[in-house]
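One structure is given here, and the rest of the page talks about it.
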Amino acid sequence: MKPELDYRSLFAATPSPYLVLAPDLVIVEVNEAYLRATGRTEEDLIGQYVFDAFPDNPADPDAEGVRNLKASWGRVLATGQADVLAMQRYDIPVVAQPGAFEERWWSTVNTPVLDRRAHVSWIIHRVEDVTAFVQARRAHDRRAGEPLTEREEGMEAELYDRARELQRLNEDLRAAHARERKIAVTLQEAMLRAPDLARHENVAVRYRPAVGSLNVCGDWYDAVDLADGQFAVAVGDVVGHGLEAATVMGMLRSALSAASRAVTGPAQALEVLGMYARSVEGALATTAVTVLVDARSKLLVYSSAGHPPPVLLHSDGTCELLENATDPPLGARPEHVPRPQASTPYRLGDTLVLYTDGLIERRGEDIDTGLDHLKEALGDMPEFTPDQLADTLLERLGVAGGGPDDIALVIVRL
């Protein structure tokens with residue numbers, strides 16, 4: 001049997017200095033190694049805003065510790081990913097001498113702790129005090145009180161310059177990544193453009209890439225106007241991320257859009273898409289769901305290829321899962337088999353919600369739990385506009401800024 005561990009004791013005994021911060025950068029926990037490294041007590045630190053406890057040295061006009069750390073923690077909060085800082089000087093106040101600061105050099109790693117909705121709950125701030133190493137380099141072959149030799153001055157300057165250069169390179173890489181992400185956003189928006197959406201003020205769509213991705217993925221949404229006042233909405237999810245998945249997504253999205261215009265009903269459209277998917281490398285196991293909205297008969301007709309069920313939110317706040325026509329993902333069967341199709345009536349004021357699995361799936365959590373969270377989040381929003389509902393739903397499920405997986409979301413006020 002696996003022994004039960006006392007994680008608080010393990011944290012306290014960890015030899016590397018650790019600080020735990022809340023998202024507002026207030027210190028919530030600290031281990032013994034950090035207290036020893038800084039000469040502080042728990043009472044000195046816990047509950048303090050970190051930069052009140054450790055301000056920049058006012059006597060050092062070149063001090064950058066606060067700026068660099070604030071930027072690092074900002075990146076952690078924005079991306080949900082760890083951030084590493086180059087070795088830097090960050091002097092700390094001397095406890096016994098108010099106003100005095102002690103020279104310190106640190107190597108730093110900031111790591112997020114995510115909750116089940118991919119929000120940053122805490123930041124683990126790990127440091128290694130490398131002051132002794134830096135000072136030893138200075139003191140090498142030098143008697144006390146003697147100035148640094150020219151060689152020692154050069155070594156110290158080189159060490160510092162290398163740390164600064166690494167910092168600059170990291171900033172340049174982040175800037176390059178931001179430029180690539182902007183280009184990817186433009187590409188993804190072009191691929192997801194749905195001209196028929198412009199004629200539907202009652203429809204809201206949202207797309208959120210996985211946190212840390214370049215913004216291109218295999219999730220898609222679409223809307224297609226049909227004859228006699230009918231229209232179809234769909235979402236789909238190609239396995240994988242990046243340009244390859246996005247390329248397959250574009251092919252399948254276009255094929256489903258064309259099929260929806262040429263055949264009768266969602267099931268036949270997915271049958272055509274499934275046959276086409278067998279000829280497209282990378283399309284295997286793609287999931288999709290399409291719903292036809294018949295405004296004259298107040299009927300939703302739908303079919304799903306292995307996709308999470310759409311939700312019909314009634315005006316009284318109750319939720320109905322559209323799960324009576326689910327079949328395996330595209331390309332899962334070696335031979336053509338007719339896909340199922342089902343229908344359900346709706347009332348004016350009801351809301352149809354289609355989404356990809358990134359909205360509800362969380363690591364270590366059953367999908368039924370995710371569906372329950374979705375229905376719970378929707379339950380008190382039947383009167384929200386589609387745009388309000390889309391934004392609030394993403395916020396309530398903890399993925400307003402993106403989650404661990406890509407998300408496509410379609411909200412239709414019926």
* Asked: Quick one: in segment 316-330, which of the residues that are of a type in the set (D, E, K, R) and under 12 Å from residue 303 (Cα atoms) is most open to solvent (accessible area, probe 1.4 Å)?
  -> 323
* Structure fact -> Taking first residues from segment 302-315 that are touching a residue at least 24 places away in the same chain (Cβ under 8 Å) and closer than 26 Å to residue 337 by Cα and second residues anywhere that are open to solvent by 10 Å² or more (accessible area, probe 1.4 Å) and among the acidic types (Asp, Glu), the pairs with Cβ under 6 Å that are 6 or more apart or on different chains are 305/327; 308/357; 309/323
* To do: Would you be able to tell me the number of residues in segment 269-285 that are crowded, with 17+ Cβ neighbours inside 10 Å, not aliphatic (A, V, I, L, M) and not in a helix (DSSP H, G or I)?
  => 1
* Options 67, 126, 36: the member that is among the basic types (Lys, Arg) and either in a loop (DSSP other than H, G, I, E, B) or touching a strand residue (DSSP E or B) at 6+ places or on another chain (Cβ under 7 Å) (or both) -> 126
* Asked: Going through segment 15-64 one residue at a time, which ones are at positive phi and among the small types (Gly, Ala, Ser)?
  -> 39, 47
* **First in segment 48-61 and in a loop (DSSP other than H, G, I, E, B), second anywhere and of a type in the set (D, E, K, R) and open to solvent by less than 90 Å² (accessible area, probe 1.4 Å), Cβ under 7 Å, 6 or more apart** => 57/91; 60/91
* Structure fact -> Flagged pairs (Cβ under 9 angstrom, 6 or more apart or on separate chains; first in segment 363-382, of a type in the set (D, E, K, R); second part of a helix (DSSP H, G or I) and surrounded by 13 or more Cβ atoms within 10 Å (Cβ to Cβ)) are 365/373; 376/396
* Of everything in segment 241-268 that's among the charged types (D, E, K, R) and within 30 Å of residue 211 (Cβ to Cβ), which residue is most open to solvent (accessible area, probe 1.4 Å)? -> 244
* Structure fact -> (1) within 27 Å of residue 193 (Cα to Cα); (2) under 17 Å from the mean Cα position of the chain (by Cα); (3) not in a loop (DSSP other than H, G, I, E, B) all hold for residue 370 apart from (1)
* Of residues in segment 51-99 being among the charged types (D, E, K, R) and under 25 Å from the mean Cα position of the chain (by Cα), the one surrounded by the most Cβ atoms within 10 Å (Cβ to Cβ) -> 83
* Structure fact -> Residue pairs qualifying under the 8 Å Cβ cut-off, at least six apart or on distinct chains, with the first in segment 66-81 being within 13 Å of residue 23 (Cα to Cα) and the second being among the acidic types (Asp, Glu), are 72/83; 73/83; 75/83; 76/83
* **Subset tally (residues that are open to solvent by less than 10 Å² (accessible area, probe 1.4 Å) and either at pLDDT 90 or above or assigned to a strand (DSSP E or B) (or both)) for segment 400-414** => 6
* Being open to solvent by 40 Å² or more (accessible area, probe 1.4 Å), touching a strand residue (DSSP E or B) at 6+ places or on another chain (Cβ under 9 Å) and either among the hydrophobic types (A, V, I, L, M, F, W, C) or more than 25 Å from residue 113 (Cα to Cα) (or both) is the filter here, so list the residues in segment 377-399 that pass it. => 384, 385, 387, 388
* Return the residue satisfying two criteria in turn: it lies in segment 336-353 and is open to solvent by 20 Å² or more (accessible area, probe 1.4 Å) and without any contact (Cβ under 8 Å) to a residue 60 or more places away in the chain, and of such residues it is farthest from residue 288 (Cα to Cα). => 345
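The values are calculated or read from the model by the stated rules, or taken from the named source; none is laboratory data. None of the values given here were measured: they were computed from a predicted structure. Glycine also receives a Cβ, built like all others from the backbone with ideal geometry; neighbour counts cover every protein chain displayed. Note: accessible area is taken over every heavy atom of the protein model, side chains too, but ligands, DNA and RNA are not part of it. Shrake-Rupley method; radii C 1.70, N 1.55, O 1.52, S 1.80 Å.
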